[in-house]
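Data block below; observations after.
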Amino acid sequence: DALMKIETICLNDIACNTYIVTDEKSGDVAIIDPAFFLDELKNAVEPIKDRVKYILLTHRHFDHLLGVFGVKEMCKNAKVAIHTLDADGLRFKEKSLSTSFGVQLPHEQTELEPDILLSDGDEIALGELSLRVMHTPGHSAGSIMYVVDDVIFSGDTIFDGSIGRCDLETGSMHDMRMSLRKIRDMKGEFTVYTGHGNSMKIKN
């Protein structure tokens with residue numbers, strides 16, 4: 001069985017969770033949602049920067065991707081991946097809502113062309129781990145979850161005791177309902193690592 005190590009870094013006062021996922025066999029690393037390029041993140045990435053293969057984003061919002069630019073600079077081999085419908089959040093800062101929320105960017109470069117555009121059902125190989133892309137629109141049009149065996153990285157689709165808001169640009173309560181149905185249909189017991197707050201368990 002593939003073995004996975006998950007490190008959680010909680011960044012900024014809006015408690016954004018960034019996850020460092022390592023395939024223990026190969027040592028290959030993926031960083032999920034590098035929220036802000038702060039010292040906690042820099043210090044965690046520095047010793048592993050040559051092993052980071054992917055920077056994986058769950059959706060377009062600034063509080064999940066402002067650290068991308070700094071991390072990409074540190075990790076020369078890392079490929080940045082986001083769902084095709086949310087890629088504009090990387091390309092144009094107003095699409096990440098950082099301008100409308102008045103957030104100062106903590107890194108000089110703010111716009112980036114993603115290396116990989118993801119779609120539902122795509123598989124990302126990280127050493128012996130396979131991260132499956134599950135398209136779960138609602139919070140944004142291109143919101144996705146990454147599923148690895150019995151672990152889910154849910155972004156802002158679901159939280160412990162609540163769901164992501166649907167009133168921001170490209171959000172949709174109708175889409176969210178469909179996505180929640182899709183999650184409910186996943187058979188098994190999963191540990192869910194959310195975009196904000198505590199991880200949780202779901203059993204279907």
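The values are calculated or read from the model by the stated rules, or taken from the named source; none is laboratory data. Predicted model only: the values in this text are computed from it and were never measured. A quick note on method: Cβ atoms are made from the backbone with ideal geometry, for glycine too, and the neighbour counts reach across all protein chains shown. The area values use the complete protein model at the heavy-atom level, side chains included, leaving out ligands, DNA and RNA. Shrake-Rupley method; radii C 1.70, N 1.55, O 1.52, S 1.80 Å.
Lysine pair count for the chain with Cα-Cα distance under 18 Å and sequence separation of 8 or more or different chains is 21.
Computed over the chain with a Gaussian network model linking Cα atoms closer than 10 Å, the most mobile of ILE144, ILE14, ILE163 is ILE14. Backbone amide hydrogens, once placed in the peptide plane, bring ILE158 within less than 5 Å of GLY164, excluding anything fewer than 5 places away on its chain.
Candidates ASN77, VAL21, GLY188 compared by Cα position along the dipole of the chain: farthest toward the positive end lies GLY188, with charges placed on Cβ. Among PRO34, PRO47, PRO137, the residue with the largest mean-square fluctuation in a Gaussian network model of the chain, with springs joining Cα atoms closer than 10 Å, is PRO47. Percent of accessible area on region 1-158 owned by carbon and sulfur, 1.4 Å probe? Carbon and sulfur together cover 46 percent of it. Given +1 at the Cβ of Lys and Arg, -1 at the Cβ of Asp and Glu and no other charges, the dipole of region 56-97 around its Cα centre is 160 debye to the nearest 20. Of the residues ALA141, ALA125, ALA87, the one that moves most in a GNM of the chain with alpha-carbon contacts below 10 Å is ALA125. Rounded to the nearest 20, the Cβ-based charge dipole of the chain about its Cα centre (Lys and Arg +1, Asp and Glu -1) stands at 340 debye. In the chain, the sites counted are chymotrypsin sites (Phe, Trp or Tyr not before Pro) in DSSP loop states with at most 16 other Cβ atoms within 10 Å, and the longest stretch holding none of them, exclusive of the sites, is 102-204.
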